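The values are calculated or read from the model by the stated rules, or taken from the named source; none is laboratory data. These numbers were taken from a predicted model, which means no experiment stands behind them. Glycine gets a Cβ as well: all are built from the backbone with ideal geometry, and neighbour counts include every protein chain shown.
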Amino acid sequence: MKSYFHTFLYRFRMADPVRLVVLGYLSYIIIGFILLCSPFTHKNVVHPLDNLFIATSAVSTTGLTTVTVSNDYNFWGQLVILVLMQLGGIGYMTFSSFVILSSKKYLDDRSKNIAQVVFSIPRNFKIEKFILSVISFSAVVEILGTIGLFFVFRQAGVENSFWNAIFHSVSAFCTAGFSLFPDSFEGFADNFGLNAIISILSILGAMGFIVCVDVWRLIRGKEKHVTLTTKVILSITFWLLLIGSILMFLTEIYGGAVSENRILYSFFQTMTALTTVGFNTVTVSTMSKSAILLICILMIIGASPSGTGGGLKTTTFSAIWGLMKSAIKGNRSVRILGATVPDDRVRTAVATLSFYISALLIGTYMLTLTEKGAFINVFFEAASALGTVGLSMGITNTLSILGKLVIILMMYIGRVGPLTFGMAFYVKPELIFDNEKTDLAI
């Protein structure tokens with residue numbers, strides 16, 4: 001038995017970075033599952049499959065739940081979920097690399113390669129400084145978010161305001177969508193302060209650490225221009241939030257709510273789908289078909305590379321959009337914001353789209369075989385799981401055993417990325433991009 005264990009550890013260490021990332025997230029899930037199965041984490045008895053579901057949902061920063069977190073898990077169980085969200089949000093090996101850097105001040109080549117795969121950062125970024133920036137930025141944002149949410153919850157008369165503030169700040173920044181309130185934030189739908197804080201935390205997490213490092217270097221005068229990746233992320237995030245909010249406002253009446261509240265609701269539902277944070281301030285199942293379709297589109301596009309969110313990624317969407325425009329205009333090169341995107345990145349974007357749509361269709365098909373109910377409910381659940389969003393039309397807690405297993409697999413694939421997941425089994429991938437000024441992270 002001991003020799004098998006040593007053999008496993010050796011093969012684990014010798015795996016290439018992409019396979020190691022795939023296995024690494026799996027190890028987080030297994031450890032979280034074991035901890036959540038421990039009696040000291042429960043208020044009520046939770047089935048092992050539900051513990052596995054919650055562990056996967058937390059590590060993948062999805063937020064879909066088959067049980068009620070606040071009712072079924074005690075403080076220790078909630079703490080385990082929070083740690084899993086944090087580890088899943090900042091990326092595999094990021095925290096351990098930070099611990100190593102705190103003592104050694106450098107990383108070995110293997111750890112650097114893993115970091116490049118996890119964050120999709122350029123080769124000429126200094127990995128050590130980048131990881132330190134990730135941890136520092138995450139800590140500062142989450143602390144500020146905790147302070148803001150504490151005052152909001154205390155004013156609203158929420159019990160355990162401080163713990164709720166910590167939990168929801170981490171959940172928002174990691175775009176995990178786990179809530180200690182049974183109805184997410186429906187009770188705070190008209191609370192501008194909470195809507196603003198959660199939105200800022202989620203957008204910062206979803207836009208990614210490349211943007212944060214780029215903008216910080218620009219502010220400090222170390223760079224005169226940000227990278228193409230940052231320009232694309234900022235531009236596409238702004239326009240999708242704006243257009244999505246306008247369309248949501250025009251197509252959803254929210255039970256006849258006044259215009260001011262409708263604007264707030266529309267922005268929040270757009271933001272929660274695009275950033276893949278998965279909180280909701282209105283009941284999703286009561287929304288119109290057009291609004292549901294819009295949410296599905298935003299969930300599929302998703303957040304940005306090197307961030308805490310999931311989905312296809314905004315840069316991949318931009319590359320596909322650029323390819324469509326170049327084909328229509330008869331151009332051989334793909335240009336975005338005046339810059340030519342390398343052919344390798346365009347091919348990677350097309351491959352990513354193909355893998356993503358294939359995974360979504362296969363997952364939806366499997367759920368149609370295992371679950372009852374309307375097709376739109378099943379498709380929405382599949383899109384939410386693969387995009388690691390966490391929004392639901394109310395069928396998560398009624399899933400069959402096979403349905404739960406399908407969703408677990410989709411959440412896991414969504415976290416590591418469908419393309420990364422597929423390539424880890426077939427070829428040695430080259431997902432790292434080279435030039436920090438003109439190349440594009442996919």
Could you give every pair whose Cβ atoms fall below 8 Å, whose first residue belongs to segment 171-199 and is at pLDDT 95 or above, and whose second residue is part of a loop (DSSP other than H, G, I, E, B) and of a type in the set (Asp, Glu), counting only separations of at least 6 or pairs across chains? none
Counted residues in segment 246-261 being surrounded by fewer than 21 Cβ atoms within 10 Å (Cβ to Cβ), within 26 Å of the chain's Cα centre (by Cα) and not β-branched (Val, Ile, Thr) come to 2
Looking at segment 201-213, can you tell me whether even one residue there is within 17 Å of the chain's Cα centre (by Cα), modelled with pLDDT of 95 or more and over 25 Å from residue 316 (Cβ atoms)? no
Working only within segment 32-47, note down all residues that are part of a helix (DSSP H, G or I) and out of contact with any helix residue (DSSP H, G or I) (no Cβ under 8 Å at 6 or more places or on another chain). 34, 39
Output the qualifying pairs, or none if there are none: Cβ atoms under 7 angstrom, residues six or more apart or on different chains, first residue in segment 241-262 and within 14 Å of residue 273 (Cα to Cα), second residue part of a helix (DSSP H, G or I) and among the aromatic types (Phe, Trp, Tyr). 245/267
Of 419, 386, 402, which residue is in contact with a Pro (Cβ under 9 Å, 6 or more places away or on another chain) and at pLDDT 95 or above? 386
Would segment 200-213 turn up any residue that is in contact (Cβ under 8 Å) with a residue 24 or more places away in the chain, in a loop (DSSP other than H, G, I, E, B) and crowded, with 16+ Cβ neighbours inside 10 Å? yes
I'm checking my understanding of the structure. Among residues of segment 322-361 that are under 30 Å from residue 409 (Cα atoms) and among the polar types (S, T, N, Q), which one is modelled with the lowest pLDDT? 348
Restricting to segment 339-378, and then to whatever is small (Gly, Ala, Ser) and more than 17 Å from residue 314 (Cα to Cα), can you tell me which residue is surrounded by the most Cβ atoms within 10 Å (Cβ to Cβ)? 363
Tell me, please, whether a residue that is out of contact with any Gly (no Cβ under 8 Å at 6 or more places or on another chain) and part of a helix (DSSP H, G or I) can be found in segment 177-187. yes
Please verify whether residue 158 is closer than 25 Å to residue 390 by Cα, hydrophobic (A, V, I, L, M, F, W, C) and not in a helix (DSSP H, G or I), treating the condition exactly as stated. yes
Of the conditions (1) among the β-branched types (Val, Ile, Thr); (2) in contact with a strand residue (DSSP E or B) (Cβ under 8 Å, 6 or more places away or on another chain); (3) more than 25 Å from residue 416 (Cβ to Cβ), residue 263 satisfies every one except a single condition; which number is it? (2)
Identify, please: which residue in segment 277-313 is polar (S, T, N, Q) and closer than 14 Å to residue 387 by Cβ and is, among those, nearest to the chain's Cα centre (by Cα)? 308
When every residue in segment 214-232 that is in contact (Cβ under 8 Å) with a residue 60 or more places away in the chain and part of a helix (DSSP H, G or I) is compared, the one farthest from residue 261 (Cα to Cα) is 228
State whether the residues of segment 310-331 include one that is buried (at least 22 other Cβ atoms within 10 Å of the Cβ) and within 18 Å of residue 64 (Cβ to Cβ). yes
Among (1) among the aliphatic types (A, V, I, L, M); (2) farther than 22 Å from residue 385 by Cβ; (3) buried (at least 23 other Cβ atoms within 10 Å of the Cβ), there is one condition residue 196 misses while meeting the rest; what is its number? (3)
